[in-house]
Every structure is written in structure tokens, then in C-alpha cells.
Amino acid sequence: MEPVATPFFFYLLAGLMLIGGVLVITRRNPVHSALALIVTLLAQASIYLMLYAPFVAGVQIILYAGGIMVLFLFVIMLVSIERSQRERQFNKQWVVGMVAATALGGLFIAVYTKGRGIFPEHALPAVEAQNTQNVGTLLYGQYMFAFEIASLLLLVAIIGAVVMAKKRI
Amino acid sequence: MLDYVRSYLTSNLTPGSAGNMFWAFVYIVVIFLGLSVAVIAMNWLERKILAHMQVRLGPMRVGPHGLLQPIADAIKLLLKEDIMPAEADGFVFWMAPIFVVLAAFTVFIVVPFGPTHAVTDMNIGVLFMLGVSSLSALGIVMAGWASNSHYPLIGALRSSAQMVSYEIAMGMAVISAVMMTSLNQQGTGTLSMIGIVQAQQAQEIWFIFKFFPLGLIAFFIFAVAMVAETNRAPFDLPEAESELTAGFHTEYSGFRWSLFFLAEYSAMIAVSSIAVTLWLGGWLRPFPNLLTGAKWDLFFSLFPGITFLFLAGMCFYSTVRMPKHPLFRIQTIGLAGFGVVLGLIGLILFITAVRERVQDIYWFSMKVAAFMYLYIWYRGTFPRYRFDQLMKVGWKILLPMGLGVLILTAGVGLWPLIQQTIWNR
């Protein structure tokens, strides 16, 4: 079977992600930004799929595109768009933003040019058929502790949200 | 070229796994056409069955027994003026129905109509289906917001809240079914749709009966959640006519509205096929392990043909009963012709080569059709929930039940292992 991981698809999806990302920060209407973010997330899921990681792709679609973004839109829709568009945007930190972006870009370029030794020579053999099982075994075996810590963190966040939202407990 | 086309027929794989582009395309086209026909048929059946449940006749004017009513409706919808509200957000308003339809149809590439009759078999089949069908909530939210009107916005908010909450209970039920593929049995579990049905075949039991009554409870949770997921009665609050006119698609008309209609019905078929695959043995015929042997195989493989012959018989019976007035002559001839076509299809299905290939598709479709009938039955029977009741059912009843079933399934499944460990000590 022909591999789907051709450069064409990578550039297509990466281009979609970049366009989506730029639209997220340039649109004035927050709903349009959120929709552009959905495009970005879906393209990212496709890239995971292209890298033979179907489980991660599926989780990305369910959690981010299907769950979190619905809640995002839910909140944004309740805000009066006209008023928020008329108001002056007060976040004037573009100098700091540029510096941070340049630093991150420099880091990426440094890793790409200097870091040849870090990465394996060839692509790893595709283990698509066992991907889900492998992720499960690793999560509940080798990385059990980290996994449980993460779930504890989420529990704390949930309790915090409930405490803040409820007047009387 | 011809060899490329023919090479797939001898292989025992789905077109996606065999990497055969031509047959994958053929399957996609066939599934798309079949779905569209099924949606049209559902449109007629729903009106007819609901009418009979309420002691009415339903559509009777266009064609004999209103058989051509869906076609008349479709023509009306396509010719209708396409209105966009002046204050609407044009692009989002335009995108929303397309997004919903794409999400509803993409799901069908992993639906297994038979061991080889699926576009492709994904390693993450169930996950893919749940994920992509949850994207349709986004389309609904987009439609409601872009209309820039109060009723659609409230409808969309209700719909997304409902979908997000019932997805969780649904996921719990699905996980317990997926766990059954590996528990108490050799080999690893699987998320692939075809793998799940094959696991039921290997374990010689439908998952609805496994670990009785755990499988049944999980199925019940899914059956309730899937009605809520597709926004159908009695959970059709997003489009409650008495309060919200038509919910999120109030401002839509003509072709765009019909896209929403198409998406709603194909989403219903999609969730029904998840339920059939996970709990009701997918494409397996009844009693594949009990009633074995060539005789029983022959008996069950005759069913598709017999079904079509029965439908043809119904047509001929109605032809005889048509009024003997000259005005009804064309309708009578048309009904008889329809009967002849159905009878011919039935006869074709008796040919051995066709019979062997079509059997799986037939049983799968019949199981899904039973669910579709249930949908109509619910709509005719149950009164609509109130919104707080809906949330209560989702979060306080179905979710704890789902968690309990999940834990109990794991416990029962691991019991032999636990016993063994204690025994050895």
C-alpha cells in the first residue's frame, strides 16, 4: 500500500494550519477567530493521521474540535459582538509578542540546523495497526504516575471552577 | 486497468485496506446514493407511520398512497426562493449547512455493511465516528449564531448544550462495549468497527447479551443518548415548535434547509449503525453459531429476495384495491409498475452469486431500519422533555449509570484473572 505521507499533503495541511492561525489573530469578530481555530485544529488532526498516529488524531477531533471549541463558541455567542467590535482593543503588547515570536522561530531554526543528531535517521516503522493499544499500554504502564498526576490536576481545576461559580456550597 | 478493477474482487479486504482507489470510489458513490434514497424513504415513512399512529391517512394525494410526496417536496424545496436575513453573517450562514452535511456523511466511510463492504477499516473506527459526528454540533452552533435572530440562537445554544452533555454518557456506554471485545477472551481489544463485529462472531454472543445485564444496560444508555444526540423527539428541544418556531434552522429556507434535513436523517442512520455494530452483531445473521449448516445458510440467504417479493405483493394488493375510477387509472398503472420493479429486484436477489454478496448488507440494513422505526415510534409516543429534566436525565441518571456499568464490566471481565491470582497464591 502506498503511504499517504507525501510531501504534498504535508504542505497542504501545514499551509491550512498557518492560514488558520493567522486568521485567528487578525479577525476582529471573535466568532470568526474561533472558526479559524477549528480549521487549524482539524488540519492538525490530519497531520497526526498522516504521521500514523490515528488515536491521537481521533482524540484531537473529539476533544478540541468537538468539545472545547463548542464551549468556546457557546461563550462567545453570548457576548454582544457589536459592542466588543466597537470597543478599542487595549492589548498593545506587540513589541513583546514580536520578540517572543522571533525567539521561538530562532529556536526552531537552531534545532533544525544543529539538531541533526537528535533525530533518528529514518522515519520509524509505521505501527498504525497497533497504535491505540500501544498508547494505552504506555499510558497505563510506563507513564502511569504522570497520567494520574494530570488527572489530579484536572480534578483540582474542576473543583476550583465549581467553587468560583457557586455562591453557596 | 481491467485487472486492477478485477483484482479487488478476489481479495478479502475492504477497498481502503486493499488500497484500491477505484472500488473505494464506487463504494463511496453507492453509499452516498443509498443514503439519499434512505433519507427520502424515511421522509415518506415517517409521515405515513406517524399518521397511522394518530389514526390519520397521511400523504395520499401525490401518487398512490402519497408515494411520490417526497419527490414533490424535493422539487418544492429546490425551486423555493433562497432567503438570507439582511443582518446575517453571510459566510458563516453559508458554511453552516455544508459543514453539517459533511460531518454527517464523512462518518459513513467506516460503517461496516459487511466484512468487506465498508469504504475502509480504520484502527480507530468507533472513535472516528463519535468524533466526526460530534462536529455537527459546531455546524448547528454556526447556523444559529449566523442567522442573527433570537429563536435560532436559543435553539443552537440548547442543541450544543444537549449534545455536549449526552456525548459523555454515550462515550461511557461505547467504552464498555469496546472493553467487551477483549475481556474474558484471548487477544487484544479493538476500536475498529469490523474488528468489533468479528469479536462478537468469535465470542459467539451479541454484546447486548454479554455479562447480562451489563451489556443490556450499556445498550439502553446508548439508545437514549443517541436520540438526544440527533435532536429527535422526545429530546427535540432545539427545534421545539411551540417555543422556538423551528430552532436553529428557523431562518433557513429552500435548498439550505433541505441540507439540514438530509444531515439530520443521515446522522440518525449513522448513530443507529454504531448501535447495531457495537451491540447487535453488525452484519451477522441471526443465530450464526446455533443454526449452522448448509440448510440454514440457504434459508437465511433467501431473506433479502423474500422481503422484496413481499413488498411487491403489497403493491399488487394495493393495486387491486385502488378505486376503479378513470381518474385513478394512471396511479393504478404506476403502482403496478412499481410492484413489478420490486418483484424483479427480489428475483435478482435469489441468484446465488448476488445472494452471497448481499446477505450481510441486508441484515445490517434491517437492523438499522428497526432503529429508524423506533425513532418514529418515539416521536409518536413520548411527550417532549423540559430542558431541566433533559439535563437531569443526562447528568444525574445516564452518566452515573454509565460509569457504574463501565466499572462493573471491567470487574466482571477481569474476574477470572483475579480468581486465578488468588488461587495461585
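The values are calculated or read from the model by the stated rules, or taken from the named source; none is laboratory data. Since this is a predicted model, take the numbers as computed values, not measurements. Here Cβ is always computed from backbone atoms with ideal geometry, including for glycine, and neighbour counts include all displayed protein chains.
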**Q.** B:Phe128 vs. criteria at the interface with another protein chain (Cβ under 10 Å from one of its Cβ atoms) and either charged (D, E, K, R) or more than 18 Å from A:Ala34 (Cβ to Cβ) (or both)
**A.** yes
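If a residue has to be in a helix (DSSP H, G or I), within 30 Å of A:Val79 (Cα to Cα) and either in contact (Cβ under 8 Å) with a residue 24 or more places away in the chain or within 13 Å of another protein chain (Cβ to nearest Cβ) (or both) to count, how many in the stretch A:6-62 make the cut?
Here the count works out to 23.
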Q) Is it the case that some residue within the stretch B:241-251 is within 28 Å of the chain's Cα centre (by Cα) and either at pLDDT 90 or above or farther than 30 Å from B:Thr381 by Cβ (or both)? A) yes
Q) Can you tell me which residues in the stretch B:157-172 are aliphatic (A, V, I, L, M), buried (at least 22 other Cβ atoms within 10 Å of the Cβ) and within 10 Å of chain A (Cβ to nearest Cβ)? A) B:Met163
**Q.** Any hit, the stretch B:248-265, residues being hydrophobic (A, V, I, L, M, F, W, C), closer than 24 Å to B:Lys76 by Cβ, out of contact with any strand residue (DSSP E or B) (no Cβ under 9 Å at 6 or more places or on another chain) and surrounded by fewer than 16 Cβ atoms within 10 Å (Cβ to Cβ)
**A.** yes
Q) When only residues in the stretch B:121-151 that are among the hydroxyl-bearing types (Ser, Thr, Tyr) and touching an Asp or Glu at 6+ places or on another chain (Cβ under 8 Å) count, which is surrounded by the fewest Cβ atoms within 10 Å (Cβ to Cβ)? A) B:Ser149
Q | Members of the stretch B:212-234 that are in a loop (DSSP other than H, G, I, E, B) and crowded, with 23+ Cβ neighbours inside 10 Å | A | B:Thr230, B:Asn231
Q | Total residues in the stretch B:315-339, condition within 25 Å of B:Tyr362 (Cα to Cα) and loosely packed, with under 12 Cβ neighbours inside 10 Å | A | 1
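Out of B:Ile98, B:Ile154, B:Ile175, B:Ile109, report the one residue that is among the aliphatic types (A, V, I, L, M), closer than 16 Å to B:Ala263 by Cα, in contact (Cβ under 8 Å) with a residue 40 or more places away in the chain and surrounded by fewer than 20 Cβ atoms within 10 Å (Cβ to Cβ).
Going through B:Ile98, B:Ile154, B:Ile175, B:Ile109 in turn, the sole match is B:Ile98.
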